[in-house]
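J.: Questions regarding the structure given below will be posed in turn.
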Amino acid sequence: MLTSGRDCQKFKDISDSIQRQLTVIAAAAAVETHDIITDEFEQGQALRDKIAELGGAAAVAADPELKAQCAAFMKASDELIVGAVDEVARAVRLEAQKSQKKMDEMMEQSRAQTKVLEDQVANLTKMMEVLLQQRLGGAGVDASKEDGKMEETPPPAEPVANASDAATASDAATDSERSETSPVPAPAPDPDAIARKISETVDTQISGAVVRDLMSRMPVADTEAERVEVVRKYGLDKDDVTDLIGDEGLREITDMAIETFGVHDSYVGTIDATRQTMVAFSRKGEDAASGDAAAPPPPKIAGLWAPNIMSQCKHVVKKNDLLQSNGCFATEMEHMPNLTMPDYFALAQAGHEECGRFLPAIGAVMADAEGAVPDDALVPDEHNPHGDKGMTYGAVRAFLQTMASDADAHYSGAPIQIEGQTVATFCVLDNKRRDDIDPEAMRAFADRARDVLVDRAARRRAEMEKEE
């Protein structure tokens, strides 16, 4: 279903391209045909005048020299016709070359997009399997076992204070065993009943409604392959945005948004195929808001990243339009369903690369409950392409402060679009419900951020061309 629509569009594009070339060829042929007819008419009139000048048809027919003059005149006319046909042939070849080049470019683009789609479908399939197994496990069924039964972990033995107590307990157990009659065997399990129970549980947990619900919690853009291609074209992959982290132009935008909307947080986050990177982040800290000049500045949050699947902004990418929501980040925001923490841990254990990197980083910060590690220290991260601009303890603490809160909150996110694709988001967050964030003002801020990204890409291309 993901690929069929794109394939149809590609065939339509190719068909349209061929049709345009045929139209050009037909027009060229029509013009040349008109010229040929016109030239033939004019040559016919000129030949008639020539024959009249030579004394008429009878005189020409009787004189070989006069015939030769008329034949030469007719040969010139034929050469004009041949020349016109050659012009049409050249036009056809030229348009055919253009058409072939265009088709080659489209096919190359299609191959790249198909690879992205194949990876996306494979990832979605694997994640769906993991999450459905997670749902079954929560319902007490292990689909990997023939009988469907979860392994029971025996309860831990009660601690024994000392060796004397252990001996006493052992003696008591022996006396109890001697005093008891032969145990009554437990009734044999009914295989049919177990099968029915498993079937009912599986039908409930792996239904169309459950699958649709899971897909709503990990949405993918309808044009994800094209979107990722634009992200790469403009140098916005996670490994290629180090120079954007803390960019002054973007920071001016997020700072201004704090003042304009009166919100707690504002950020610009680039979104590639797997993660979102906060390249600019402004926070209205409580100490700074109180006017205490001696208070430490809020921690540097730019450089914070999260897997796309955990980001609220995935819904903006899917919608490819502005999204506003109230609710609770720790549980659920309106119109922005997310997976649960057990789901994310299950994905990490199953090999989801970005969840497997992000969750340990979060865990390291949470383990420092006393805050002994300074805010500007980098968190353990096996893939930090940004050096000292990478994710810090302070950034993660700020993230947890917002996302782990069970208080009312607000989110407004506007897509930053280039070539019609959402490559980043401009967002504002507040620690209370808001219904007064102006959508058009949000879009205007997003457009300003887009201009920064486009100008950066143009400068980089110019520098590369200069080096070449």
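The values are calculated or read from the model by the stated rules, or taken from the named source; none is laboratory data. Being a predicted model, the structure only gives us computed values, none of them experimental. Heads up, the Cβs are rebuilt from the backbone with ideal geometry, glycines too, and the neighbour counts pull from every protein chain shown. In case anyone asks, the SASA skips ligands and DNA or RNA and just uses the protein heavy atoms, side chains included. Shrake-Rupley method; radii C 1.70, N 1.55, O 1.52, S 1.80 Å.
J.: Based on alpha-carbon centroids, what's the gap between the stretch 332-355 and the stretch 232-277 in Å, whole number please?
T.: 23
J.: How high is the relative contact order of the stretch 386-468, in percent, with contacts defined as C-alpha pairs under 8 Å that are six or more residues apart?
T.: Dividing the mean separation by the residue count of the stretch 386-468 yields 24 percent.
J.: Would you mind calculating the gained length between Glu463 and Val211 on full extension (0.36 nm times residue separation, minus the Cα-Cα distance), in nm to one decimal?
T.: The Glu463-Val211 span can extend by a further 85.9 nm.
J.: Within 10 Å of each candidate Cβ there may be at most 15 other Cβ atoms; applying that plus a DSSP loop requirement, which trypsin sites (Lys or Arg not before Pro) in the stretch 341-448 survive?
T.: When the trypsin sites (Lys or Arg not before Pro) of the stretch 341-448 are filtered for loop state and at most 15 Cβ neighbours within 10 Å, Lys432, Arg433 remain.
J.: Return a whole-number percent for the relative contact order of the stretch 334-455, with Cα pairs under 8 Å and 6 or more residues apart as the contact set.
T.: Computed value for the stretch 334-455: 15 percent relative contact order.
J.: Determine the share of the stretch 312-468's accessible area contributed by carbon and sulfur atoms, expressed in whole percent, with a 1.4 angstrom probe.
T.: Result for the stretch 312-468: 50 percent of the exposed heavy-atom area is carbon or sulfur.
J.: Related question: Count charges around Leu250 for me, please; just the other residues with Cβ under 15 Å from its Cβ, Lys/Arg as +1, Asp/Glu as -1.
T.: Charge balance near Leu250 sits at -1.
J.: Run through all the Cα pairs of the stretch 332-454 and give the fraction in each 10 Å bin from 0, expressed as whole percent.
T.: Using 10 Å bins, I get a P(r) of 11, 29, 38, 21, 1 for the stretch 332-454.
J.: For Thr331 and Asp447, compute 0.36 nm times the residue count separating them, minus their Cα-Cα distance, and round to one decimal in nm.
T.: Extending this stretch completely gives an extra 38.7 nm.
J.: Moving to a separate point now. Given axes a ≥ b ≥ c from the Cα gyration tensor, I'd like to know whether the stretch 236-287 is rounded (a/c under 1.5), prolate (a/b larger than b/c) or oblate.
T.: The shape class here is prolate.
J.: Between Arg48 and Ala68, how high is the FRET efficiency from 1/(1 + (r/R0)^6) when r is the Cβ-Cβ distance and R₀ = 25 Å? Nearest 0.05.
T.: After rounding to 0.05, the efficiency reads 0.90.
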